[in-house]
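S.K.: Structure in structure tokens, see below.
The values are calculated or read from the model by the stated rules, or taken from the named source; none is laboratory data. Small disclaimer: the values here were computed from a predicted structure and weren't measured. FYI the Cβ positions are ideal-geometry reconstructions off the backbone, even for glycines, and counts take in every protein chain you see. The accessibility values were calculated without ligands, DNA or RNA, using every heavy atom of the protein model including side chains. Shrake-Rupley method; radii C 1.70, N 1.55, O 1.52, S 1.80 Å.
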Amino acid sequence: MNSRLGVGYLSALIWSVLAAASFAAPPIAQSRAPISTFKVVRSYPHDPQAFTEGLFYRKGSIYESTGLEGRSSIRRVELATGKVIQQRSLDARYFGEGIVAAGDKLIQLTWKGQVGFIYGLSSFARIGEFNYRGEGWGLTRADKYVVMSDGTAELRLLDPVTMKEVKRLQVTDGGQPVASLNELEYVRGEILANVFQTDYIARIDPSTGKVVGWIDLTGLSGGPHGRGVPGEPDVLNGIAFDAESGRLFVTGKLWPRLYEIEISGGRSGRQH
């Protein structure tokens, strides 16, 4: 094992192994929802040391939250070059998780800290914090709510001003819960969610919690694209959407590239 790996990395590696064993993969074999494929439109450099936990696009920049104790940060990244142009590190005791913009604020979760942080979106100055029970995973904004995932099949809907939980949404496909919901993005009226330790993104109806489709990204990180350093965690995680141009971006933990993709087709899921 590489001697440069720290305690935070090792804990994340152990966590990844345990999570893979304990969390169910999306029920694709039993899915009633159509399954779409993709094509790469363009790829961009991405910091291969960034353990991506949160991602969103805003005004020409990619905003990213990275994880691991001692390596967690929020950052603003130049899309074309992957250059980090603004960054703030978290206290070493925290494992950074999902982020979202809410007005002129940036909100960030932590994994097990049960605390979230609020920053000025332009300054990255910390201006507040909030608490929640359980784990924090992903964040996005959908209509009047901030939507939070916690690694289960439930999404928490939060008041964007108080960050208090208002209600929960059970995510299902074919009547079965879809566990391990991770990084989130709101795209054209749907919540897109990475499903941890898989190559699938679920397309979720925010009014019902039902999966209305899947995006199969199998092969994106292999072959000519390449993943991160062999032997290191490199799961798909990170979705960002440019609402003005319709561009959709995806990446993963420790991936050297960020991809702009187009979704195509939609073969039928298995019918019962």
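S.K.: So, in segment 51-69, how many residues would count as being out of contact with any Pro (no Cβ under 8 Å at 6 or more places or on another chain), outside any strand (DSSP E or B) and either more than 18 Å from TYR119 (Cβ to Cβ) or open to solvent by 50 Å² or more (accessible area, probe 1.4 Å) (or both)?
M.R.: The number of residues fulfilling the criteria is 4.
S.K.: Filter segment 94-117 for residues that are within 17 Å of THR52 (Cα to Cα), in contact with a Ser or Thr (Cβ under 8 Å, 6 or more places away or on another chain) and assigned to a loop (DSSP other than H, G, I, E, B) and give the result.
M.R.: TYR94, PHE95
S.K.: Would you confirm whether any residue within segment 160-179 is buried (at least 22 other Cβ atoms within 10 Å of the Cβ), in contact (Cβ under 8 Å) with a residue 60 or more places away in the chain and of a type in the set (D, E, K, R)?
M.R.: Yes, the conditions are met somewhere in segment 160-179.
S.K.: Let me ask something additional. Output the qualifying pairs, or none if there are none: Cβ atoms under 7 angstrom, residues six or more apart or on different chains, first residue in segment 197-218 and free of Cβ contacts under 8 Å to residues at least 60 places away in the same chain, second residue open to solvent by less than 50 Å² (accessible area, probe 1.4 Å) and among the small types (Gly, Ala, Ser).
M.R.: ILE201/ALA193; ILE204/ALA193
S.K.: Exactly one condition in (1) under 24 Å from TYR186 (Cα atoms); (2) out of contact with any Gly (no Cβ under 8 Å at 6 or more places or on another chain) is false for ARG88; which is it?
M.R.: With (1) under 24 Å from TYR186 (Cα atoms); (2) out of contact with any Gly (no Cβ under 8 Å at 6 or more places or on another chain) applied to ARG88, the lone miss is (1).
S.K.: Name the strands (runs of 3 or more DSSP E) wholly inside segment 118-232 in which the number of residues that are out of contact with any Lys or Arg (no Cβ under 8 Å at 6 or more places or on another chain) is 2 or more.
M.R.: Once the strands (runs of 3 or more DSSP E) in segment 118-232 are filtered for at least 2 residues that are out of contact with any Lys or Arg (no Cβ under 8 Å at 6 or more places or on another chain), what remains is 126-131, 139-142, 145-149, 165-170, 181-187, 190-195, 200-204.
S.K.: Ok, one more. Checking the condition in contact (Cβ under 8 Å) with a residue 60 or more places away in the chain and closer than 24 Å to LEU181 by Cβ, which residue from PHE51, PHE117, PHE130 passes?
M.R.: Working: PHE117 fails: in contact (Cβ under 8 Å) with a residue 60 or more places away in the chain; PHE130 fails: in contact (Cβ under 8 Å) with a residue 60 or more places away in the chain.
From the options PHE51, PHE117, PHE130, the qualifying one is PHE51.
S.K.: With the structure loaded, tell me whether LEU258 is open to solvent by less than 10 Å² (accessible area, probe 1.4 Å), modelled with pLDDT under 95, aliphatic (A, V, I, L, M) and within 16 Å of GLU64 (Cβ to Cβ) or whether it fails that test.
M.R.: Answer is no for this residue.
S.K.: All but one of (1) at pLDDT below 95; (2) in contact with a strand residue (DSSP E or B) (Cβ under 7 Å, 6 or more places away or on another chain); (3) on the phi > 0 side of the Ramachandran plot hold for ASP199, so report the exception by its number.
M.R.: (3)
S.K.: Mind listing whichever residues of segment 33-42 are surrounded by fewer than 16 Cβ atoms within 10 Å (Cβ to Cβ) and of a type in the set (S, T, N, Q)?
M.R.: Scanning segment 33-42 gives no hits.
S.K.: Restricting attention to segment 122-147, and to residues there that are crowded, with 16+ Cβ neighbours inside 10 Å and touching an Asp or Glu at 6+ places or on another chain (Cβ under 6 Å), which single residue is nearest to LEU192 (Cα to Cα)?
M.R.: Once the filter is applied, the top-ranked residue is THR140.
S.K.: Another question about this same structure. I'd like to verify a number: residues in segment 91-107 that are modelled with pLDDT of 95 or more and under 18 Å from the mean Cα position of the chain (by Cα), how many?
M.R.: 10
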